[in-house]
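Right, one structure below, let's go through it.
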Amino acid sequence: AQSVTQPDIHITVSEGASLELRCNYSYGATPYLFWYVQSPGQGLQLLLKYFSGDTLVQGIKGFEAEFKRSQSSFNLRKPSVHWSDAAEYFCAVAPRSSNTGKLIFGQGTTLQVKP
Amino acid sequence: DGGITQSPKYLFRKEGQNVTLSCEQNLNHDAMYWYRQDPGQGLRLIYYSQIVNDFQKGDIAEGYSVSREKKESFPLTVTSAQKNPTAFYLCASSPWSTSGEETQYFGPGTRLLVL
């Protein structure tokens, strides 16, 4: 079955430390890939996306993600975390074969930042 | 400012009552979506619409209904048939193209609580 997995439900990092949030997908062909961030009680904000081309994608707020076809992964990274990065992060995919634009979301990873 | 608005921010439903959540966008997007968010479950698609006067069921459409009479508006009704309506509801919109390379943008959400 098609699925998106975020293995880490909750991650705590110290401010200034590096961050990597994992995302794995299970699809027959490489889907379109997205990372969104959600602050408590708010909607989702797009951080970055991958459609094609360079597998290292730069996003807003200093985030980047790398698409690795061999590992079916699209991990999100940030070299130095700020306290304001504390939020919930969602990986999402859209199958290329679908004409619905439907997004499949992972369960989310909650990031806590220690001072 | 262009964007997606959802109202109300909080909504309370009594037993046996239908309630309607509003979603409006001024981004000139063709497609609109409704998602339900429950803790630990990510986002699940309820309904989507790619064009005015047409909409499709998502993964969890039972107990919900929608209409798309205007391009800008995609209201969601939570009917009395939805037995567990307490959740955070998110509306999204995106441009539409045959390439599939659309990005969904989200509103701020409506939290529905049952009295």
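The values are calculated or read from the model by the stated rules, or taken from the named source; none is laboratory data. What you are looking at is a predicted structure, and each value in this text was computed from that prediction instead of being measured. A quick note on method: Cβ atoms are made from the backbone with ideal geometry, for glycine too, and the neighbour counts reach across all protein chains shown. Areas reflect the complete protein model, heavy atoms only, side chains present, ligands, DNA and RNA absent. Shrake-Rupley method; radii C 1.70, N 1.55, O 1.52, S 1.80 Å.
Tabulated values for the structure
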item	result
Number of the condition not met by residue B:94 [criteria: (1) within 8 Å of another protein chain (Cβ to nearest Cβ); (2) open to solvent by 20 Å² or more (accessible area, probe 1.4 Å); (3) polar (S, T, N, Q)]	(2)
Strands (runs of 3 or more DSSP E) completely within segment B:6-78 that count 3 or more residues being open to solvent by 20 Å² or more (accessible area, probe 1.4 Å)	B:10-13, B:19-25, B:43-51, B:54-57
Residue check for residue A:56: within 12 Å of chain B (Cβ to nearest Cβ), open to solvent by 10 Å² or more (accessible area, probe 1.4 Å) and at pLDDT 95 or above	no
Selection count where residues are charged (D, E, K, R) and within 13 Å of chain A (Cβ to nearest Cβ), scope segment B:72-91	0
Selection status of residue A:113, in a strand (DSSP E or B) and touching a helix residue (DSSP H, G or I) at 6+ places or on another chain (Cβ under 9 Å)	yes
Hey, residue A:21 at pLDDT 95 or above, open to solvent by less than 70 Å² (accessible area, probe 1.4 Å) and closer than 28 Å to residue B:58 by Cα or not	yes
Residue count, segment A:33-53 (criterion: in a loop (DSSP other than H, G, I, E, B) and surrounded by fewer than 17 Cβ atoms within 10 Å (Cβ to Cβ))	6
Count - residues of segment A:27-53 that are among the hydroxyl-bearing types (Ser, Thr, Tyr), touching a Ser or Thr at 6+ places or on another chain (Cβ under 8 Å) and at pLDDT 90 or above	0
Subset of segment A:59-102 that is within 14 Å of chain B (Cβ to nearest Cβ) and β-branched (Val, Ile, Thr) - its residue that is least open to solvent (accessible area, probe 1.4 Å)	A:93
